[in-house]
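Participant: Before anything else, here's the structure in question.
Values in this text are rule-based calculations from the coordinates and carry no lab data. Just so you know, these numbers come straight off a predicted model, no measurement behind them. A quick note on method: Cβ atoms are made from the backbone with ideal geometry, for glycine too, and the neighbour counts reach across all protein chains shown.
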Amino acid sequence: MQKMPRRDTNPEVQLRRALHQRGLRFRIHGTELPGRPDIVFPRARIAVFVDGCFWHYCPDHGTLPKNNRDWWAAKLEANVVRDRAKDDALRAPGWLPVHVWEHDEPSDAADTLRSIWEERRNRIR
Ligand SMILES: [Zn+2]
């Protein structure tokens, strides 16, 4: 039987923990927003996506499976196009989409998000 992935190694969980450590409060799974962002800062209007390197075709780790290569290329390309469309749909009503790669160091990503949050918190009232 295949072992279940360890929950605490999940990049999204690690990022949430790093954000909590920095005193940030947020909601998870913004199901009412385009693209269902993983982490949402409602007042600052920041929508965070933790993108998997394979499914979102990371420039560093994105790979194409050897079987059905053309099919995968079309599918992953469509994912990238859809990501951009969701970002546009978020920007229109004033949200800021932020994408974090699953390969990003959670503490670095959390530092970046805190800076963005501090800036937007003061701008949007
Ligand atoms: Zn990557």
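Participant: Pull up the DSSP beta bridges for the chain and report the antiparallel fraction as a percent, rounded to 5.
Facilitator: Numbers: 5 of 11 bridges.
For the chain, the DSSP antiparallel bridge percentage is about 45.
Participant: Further question on the same structure: Using the Karplus curve 6.51 cos²θ - 1.76 cosθ + 1.60 with θ = phi - 60°, work out ³J(HN,Hα) for each residue of segment 49-59 in order, rounded to whole Hz, and write x for Gly and Pro.
Facilitator: Values per residue, Gly and Pro as x: 10, 9, 9, x, 4, 6, 5, 10, 6, 3, x Hz.
Participant: Now for a separate question. Which FRET efficiency value, to the nearest 0.05, is calculated for R91 and W55 with the Förster distance at 22 angstrom and r the Cβ-Cβ distance?
Facilitator: With a Förster radius of 22 Å, E is 0.50.
Participant: Can I ask one more? Before anything else, pin down the relative contact order of the chain: Cα pairs under 8 Å, at least 6 apart, normalised by residue count, whole percent. Mind showing how you got there, number by number?
Facilitator: Values: 139 pairs, mean separation 37.2, N = 125.
Normalised by residue count, the contact order of the chain is 30 percent.
Participant: Using a Förster distance of 35 angstrom, determine the FRET efficiency expected from the C-beta separation of W72 and N10, and round it to 0.05.
Facilitator: Numbers: r = 24 Å, r/R0 = 0.69.
The value I calculate is 0.90.
Participant: Now for a separate question. If you take the Cα Rg of segment 59-125 and divide it by 2.2 N^0.38 Å, with N the number of residues, what do you get? Please report the intermediate quantities before stating the final value.
Facilitator: Working: Rg = 16.2 Å, N = 67, 2.2 N^0.38 = 10.9 Å.
Scaled against compact globular proteins, the figure is 1.49.
Participant: Sticking with this one: Non-local amide H neighbours of V100 (under 5 Å, H modeled in plane, Pro and chain starts lacking H): which ones?
Facilitator: Close amide H contacts, sequence-distant or interchain: F49, V50, D51.
Participant: Between T63 and S107, with labels modelled 7 Å along Cα→Cβ, what's the label distance in nm to one decimal, could you check?
Facilitator: Inter-label distance under the simple model: 2.9 nm.
Participant: Please give the residues of segment 33-72, grouped as numeric ranges, whose backbone N is less than 18 Å from a label point set 7 Å along the Cα-to-Cβ vector of R121.
Facilitator: Counting only backbone N, you get 39-48.
Participant: Also: So what is Rg over Rh here for the chain, counting just Cα atoms and using Kirkwood for Rh? All intermediate terms of the calculation are to be shown ahead of the outcome.
Facilitator: Numbers: Rg = 15.8 Å, Rh = 15.7 Å.
Rounded to two decimals, Rg over Rh is 1.01.
Participant: Within segment 25-107, list the trypsin sites (Lys or Arg not before Pro) lying in a DSSP loop whose Cβ has at most 14 other Cβ atoms in a 10 Å radius. Walk me through the intermediate numbers first.
Facilitator: Working: sites: R25, R27, R43, R45, K66, R69, K75, R82, R84, K86, R91; in loops: R25, R43, R45, K66.
Those that pass, being in a loop and sparsely packed, are R25, R43, K66.
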